[in-house]
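**Q** My questions will all concern the structure given below.
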Amino acid sequence: MLQQLISKSGGLPKVIVAIADYLAHMFNWVERANLLNDEFITTMETRQDFARLQDLFGWIHSYFRSCPDFLKPCIFYLSIFPKSEIIRRRRLVMRWVAEGYSKDKESDSAEENAEELFAKIVELSMIQPPERTLSTNRRMVWCQVSAFFHEYIISRPKEENVTFALEVFALNGCCRQTSGRTGRHLIIEKSWERDRIVFESIDLSRLRSLTVFGDWKSFFISESMKVLRVLDLEDVTKGDVKCSDLKKIVKCFLRLKFLSLRKRSEICRLPSSVGDLRQLQTLDIRHTSIVSLPVNITKLHSLQYI
């Protein structure tokens, strides 16, 4: 519990000291710590006990107020990845391109513009290189969202999230069946117990991206995902993605612009129908067992990265 709080603080000494003072000399400090874990940023922003952090929040608020609107969706998009997750720069950049946050211009490609967006967020100190990282041409290969900023982003009011068309929602732990769970970006976390009934109760008709962490299940492919743009299976760690799954993915998700099968070593070939994904821009098959591509790959005229 205390470790969770320290993790959420992002290692900022000022925040850690404020948490320690808040919990010190309390008879019910365990209960207080649990409440603080549940409402971390909200509690710090509103309680007088954390008045010393107001200058920190003032600084963060000013960053967001001065931040151009075209950059804010990219910032909120970082909440798709778990706190402290190490993210490949190119993966993030190409997802932004697929989502339409970065477009081609006369002088620059969409990918080049996305790289500029990435650089701007680095300047804001919202993403940073991990302790051990590689760089090429002075660019990060890997990045990490500051844990404190991550907590701040996911704490923003739903109205602010909807304004920038993010509507991120996650399946984690033990989720109950509900008709109220909907959105544009679905994250399936490692901790979710893979309840098919719960999954099939979700309105997936507006879903634009699906990101899976942990165990893969074939029922994650739903014909109701008519407008899916991004399918990211890079962090699947259990459960084979079968040939029948790939055929269904191609059949159901004709609007895909980003498909990552990275590290799925059980995949040895792509279906010939992959040529039907006419809008596909990014196909990541690195570290799979694929040694040749189907002839129909030549039909993918929008493909920018493979």
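The values are calculated or read from the model by the stated rules, or taken from the named source; none is laboratory data. Every value quoted in this text rests on a predicted model; they were computed, and no experiment measured them. We place every Cβ from the backbone using ideal geometry, glycine too, and count neighbours over all the protein chains shown. For accessibility, only protein heavy atoms count, side chains too; no ligands or nucleic acids. Shrake-Rupley method; radii C 1.70, N 1.55, O 1.52, S 1.80 Å.
**Q** Might you tell me the accessible area per residue for the stretch 179-244, computed with a 1.4 Å probe and given in Å²?
**A** 42
**Q** For the chain, how big is the tail of P(r) above 30 Å, as a whole percent of Cα pairs?
**A** In whole percent, the share of Cα-Cα pairs in the chain beyond 30 Å is 38.
**Q** Please check: in the Gaussian network model of the chain (C-alpha springs, under 10 Å), which one of Gly275, Gly58, Gly239 has the largest mean-square fluctuation.
**A** Result: Gly58 has the largest fluctuation of those listed.
**Q** Determine the principal axes of the Cα atoms in the stretch 1-53, then give the extent along each, sorted from largest to smallest and rounded to whole angstroms.
**A** Sorted from largest, the Cα extents of the stretch 1-53 read 25, 23, 19 Å.
**Q** Less than 16 Å from a label point 7 Å out along the Cα-to-Cβ axis of Lys242: which backbone N atoms in the stretch 252-282 qualify, by residue?
**A** Residues passing the 16 Å test: 266-269, 271.
**Q** What percent does the relative contact order of the chain come to when contacts are Cα pairs within less than 8 Å and at least six residues apart?
**A** The value is 11 percent.
**Q** Based on Cβ point charges of +1 for Lys and Arg and -1 for Asp and Glu, what charge dipole magnitude is obtained for the stretch 48-146 about its Cα centre, in debye rounded to the nearest 20?
**A** It comes to approximately 320 debye.
**Q** Given the options Ile306, Ala119, Gly11, identify the residue whose Cα lies farthest towards the positive end of the charge dipole of the chain (+1 on Cβ of Lys, Arg; -1 on Cβ of Asp, Glu).
**A** Farthest towards the positive pole: Ile306.
**Q** Same structure again: With a sphere of radius 12 Å drawn around the Cβ of Asp104, what net charge do the other residues whose Cβ falls strictly inside it have (Lys, Arg +1; Asp, Glu -1)?
**A** So the environment of Asp104 carries a net charge of -2.
**Q** A follow-up question, please. Please get the size of the charge dipole for the chain, origin at its Cα centre, with Cβ charges of +1 on Lys and Arg and -1 on Asp and Glu, quoted in debye to the nearest 20.
**A** The calculation lands at about 980 debye.
**Q** Could you list, bin by bin from short to long, the percent of Cα-Cα pairs of the stretch 236-306 in 5 Å steps?
**A** Each 5 Å bin holds this share of Cα pairs: 3, 17, 29, 31, 16, 3, 0.
**Q** Follow-up question, since we're still on this one. Please sort through the DSSP H helices of the chain and keep those with an alpha-carbon extent of at least 27 Å along the long axis and a Kyte-Doolittle average not below -1.0.
**A** none
**Q** Still on this structure: Please compute the per residue accessible area over the stretch 1-149 with all protein chains in place, 1.4 Å probe, rounded to a whole number of Å².
**A** 53
**Q** OK, next. Pick from Asp195, Asp232, Asp55: which is most flexible by mean-square fluctuation in a GNM of the chain where alpha carbon atoms under 10 Å apart are linked?
**A** Highest fluctuation among the options: Asp55.
**Q** Step through the table entries Lys103/Lys263; Lys103/Lys257; Lys190/Lys263; Lys217/Lys299, compare each Cα-Cα distance with 23 Å, and write down the pairs that go over it.
**A** Pairs exceeding 23 Å: Lys103/Lys263; Lys217/Lys299.
**Q** Ok, one more. Would you tell me the accessible area of His287, worked out with a 1.4 angstrom probe on the heavy atoms of the protein chains, in Å² to the nearest 10?
**A** His287 has an accessible surface of roughly 120 Å² with all protein chains in place.
**Q** Would you calculate a helix-derived [θ] at 222 nm for the chain, using -39,500 (n - 2.57) for each DSSP H run of n ≥ 4 and dividing by the full residue count, to the nearest 500?
**A** -10000 deg cm²/dmol, from helical runs alone.
**Q** By per-residue mean of other Cβ atoms within 10 Å, what is the highest-first order of 242-249, 94-101, 209-216?
**A** Highest mean packing first, the order is 94-101, 209-216, 242-249.
**Q** Give me the one-decimal Kirkwood hydrodynamic radius in Å for the stretch 8-117, with the sum taken over alpha-carbon pairs.
**A** 16.8
**Q** What's the carbon and sulfur percent of the chain's accessible surface, probe 1.4 angstrom, rounded to a whole number?
**A** The value for the chain is 49 percent carbon and sulfur by accessible area.
**Q** Using a Gaussian network model of the chain with C-alpha springs under 10 Å, which one of Leu92, Leu53, Leu256 is most mobile by mean-square fluctuation?
**A** Of the options given, Leu53 has the highest mean-square fluctuation.
**Q** Based on DSSP, what percent of beta bridges with both residues in the chain are antiparallel, to the nearest 5?
**A** 25
**Q** As I understand it, the dipole of the chain uses +1 on the Cβ of Lys and Arg and -1 on the Cβ of Asp and Glu, about the Cα centre. Which of Cys143, Asn296, Thr43 lies farthest toward its positive end?
**A** Most positive-ward Cα: Asn296.
**Q** Considering the convex hull of the alpha carbon atoms of the stretch 179-306, report its projected area averaged over all viewing directions, in nm², one decimal.
**A** 7.1
**Q** Right, next: Please report the accessible area of Arg156 (heavy atoms, 1.4 Å probe, ligands and nucleic acids excluded) in Å², nearest 10.
**A** Here the accessible area works out near 40 Å².
**Q** Pull out the extension gain between Arg269 and His61, defined as 0.36 nm times the separation in residues minus the alpha carbon to alpha carbon distance; nm, one decimal.
**A** 70.0 nm
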